[in-house]
Amino acid sequence: LNSLEDTTYTILPANRLHKDDLVLVEAGDVIPADAQAMLGVASVDESAVTGESAPVIREFGGDRDALTGGTVLLSDWLIIRIT
């Protein structure tokens with residue numbers, strides 16, 4: 001992904017997503033499925049999964065790009081790839 005210009009979006013329920021679909025998630029959204037961050041940087045509330053109350057930063061690359069379905073994006077936005 002190099003640019004979001006001229007990109008079209010379709011709103012779908014989470015149960016219609018498939019592996020490798022790209023999804024835009026924004027602050028306040030629930031991550032719809034396990035995924036990898038592909039573009040953007042955001043803080044994520046993983047307390048429902050890990051019990052840790054402090055938010056974590058997720059971004060593309062390295063060991064900080066994995067996202068767990070059911071967690072909540074607290075800030076900014078991410079383009080994610082469903083895994």
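Residue pairs whose Cβ atoms lie under 7 Å apart, separated by 6 or more positions or on different chains, with the first residue in the range 24-45 and over 12 Å from residue 65 (Cβ atoms) and free of Cβ contacts under 8 Å to residues at least 40 places away in the same chain and the second in a strand (DSSP E or B) and open to solvent by 20 Å² or more (accessible area, probe 1.4 Å), are 43/56; 43/57; 45/72. Scanning the range 57-79 for residues that are in a strand (DSSP E or B), touching a Lys or Arg at 6+ places or on another chain (Cβ under 9 Å) and within 26 Å of residue 12 (Cβ to Cβ) returns 58, 66, 67, 73, 78.
If you go through the range 34-67 and pick out every residue that is among the polar types (S, T, N, Q) and modelled with pLDDT of 95 or more, you end up with 2. Note on the range 15-73: residues that are among the small types (Gly, Ala, Ser), open to solvent by less than 50 Å² (accessible area, probe 1.4 Å) and under 11 Å from the mean Cα position of the chain (by Cα) total 8.
The values are calculated or read from the model by the stated rules, or taken from the named source; none is laboratory data. Bear in mind that the values here come from a model prediction, so they are computed numbers and not experimental data. Ideal geometry is used to build each Cβ from the backbone, glycine not excepted, and the neighbour counts take in all protein chains shown. Remember, those area values only see protein heavy atoms, side chains included, never the ligands or the DNA or RNA. Shrake-Rupley method; radii C 1.70, N 1.55, O 1.52, S 1.80 Å.
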